[in-house]
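The values are calculated or read from the model by the stated rules, or taken from the named source; none is laboratory data. As the structure is a computational prediction, the values presented were derived from the model and not from experiment. Cβ sites come from the backbone with ideal geometry, for glycine too, and all protein chains shown count toward neighbours. These area figures cover heavy atoms from the full protein model, side chains too; ligands, DNA and RNA do not enter into them. Shrake-Rupley method; radii C 1.70, N 1.55, O 1.52, S 1.80 Å.
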Amino acid sequence: ETGVTQTPRHLVMGMTNKKSLKCEQHLGHNAMYWYKQSAKKPLELMFVYNFKEQTENNSVPSRFSPECPNSSHLFLHLHTLQPEDSALYLCASSQVSSGRAGELFFGEGSRLTVL
Amino acid sequence: GDSVTQMEGPVTLSEEAFLTINCTYTATGYPSLFWYVQYPGEGLQLLLKATKADDKGSNKGFEATYRKETTSFHLEKGSVQVSDSAVYFCALSVTSGGYNKLIFGAGTRLAVHP
């Protein structure tokens, strides 16, 4: 148990569906991240929220839409996805300016399959 | 730009064998360096870290030394166990826009057989 919970763990959706991934952290951290993990590719940073403000959008297509209503919750809204978007989506959190730079706590991931 | 290169896997070892997974990095400034591990069906967990040159990070029998002269952070363990089977990621941390940005290598899968 890392203190970061992701739901759902598995999701299958068609290209015309709209779904959302949810992440919740119970660690009191002030930064949250979405990473994409595809087979045989390095982890790709998608979005970063620092104190609820989006500070990075790593050239992610607009069919992925993040939302961070508070410092404990992070969502990734999905619509009109493509089969190549099938991947493991990992949420992480960290405490910025704590002297523990780079220590991210990851959830177990949401395995997304786009048909 | 900043990047991390680690040896391709899979690495297959017998139990109690010596493990080395190579990692080199390119970065401006002086990044912190990390090894993360991902066990099957789980997210990534921090294994060890080093924040400055010549620092040695260690945890669970694993060690890695921050070598600035060779820009390397190789992971080693003297005697691996079956339970060490996982994917290992080398990463560097840069501070950008007030948050910590981790740049990962591609990962190295380790399989340990009895």
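Placing unit charges on each Cβ (+1 for Lys and Arg, -1 for Asp and Glu) gives the protein assembly as shown a dipole about its Cα centre, and among A:Ser38, B:Gly61, A:Ser59 the Cα reaching farthest toward its positive end belongs to A:Ser59.
With contacts taken as Cα pairs under 8 Å and at least 6 residues apart, chain B reaches a relative contact order of 36 percent. According to the calculation over all Cα-Cα pairs in chain A, the P(r) per 5 Å bin from zero is 2, 13, 23, 26, 19, 10, 4, 1, 0 %.
Across peptide A:38-51, the average count of Cβ atoms from other chains found within 10 Å of a residue's Cβ is 3. What you get for region B:1-112, charging only the Cβ of Lys and Arg (+1) and of Asp and Glu (-1), is a dipole of about 300 debye around the Cα centre.
According to the Kirkwood relation over distinct C-alpha pairs, the hydrodynamic radius of region B:1-58 is 13.6 Å.
Each part gets one Cα centre, and for region A:1-50 versus region A:70-115 those centres are 2 Å apart. Of the two radii for chain B, the radius of gyration is 0.97 times the Kirkwood radius, both from the alpha carbons; that is the Rg over Rh value. In a simple Cβ point-charge model (Lys, Arg +1; Asp, Glu -1; nothing else charged), the protein assembly as shown has a dipole of about 400 debye relative to its Cα centre. Chain B against chain A buries an accessible area of about 1800 Å², both chains summed, 1.4 Å probe radius.
Highest mean packing first, where packing is the average number of other Cβ atoms within 10 Å per residue, the peptides B:85-92, A:74-81 line up as B:85-92, A:74-81.
For chain A, a crude dipole built from +1 on the beta carbon of Lys and Arg and -1 on the beta carbon of Asp and Glu, taken about the Cα centre, is about 280 debye to the nearest 20.
Over chain A, Cα pairs under 8 Å with separation of 6+ residues give a relative contact order of 37 percent. Among the protein heavy atoms of region B:1-101, carbon and sulfur supply 47% of the accessible surface, probe 1.4 Å, non-protein parts ignored.
Please give every one of the aspartates and glutamates within straight-line cross-link reach of B:Lys60, meaning a C-alpha to C-alpha distance under 12 Å, and leave out same-chain neighbours fewer than 8 residues apart. B:Lys60 reaches B:Glu76, B:Asp84. Between the residues B:Ala17, A:Ala92, B:Ser72, the greatest Cα displacement towards the positive end of the dipole of the protein assembly as shown, with unit charges on the Cβ of Lys, Arg, Asp and Glu, is found for A:Ala92. Modelled this way, with points 7 Å down the Cα-to-C-beta line, the labels at B:Thr71 and A:Phe51 are 3.3 nm from one another.
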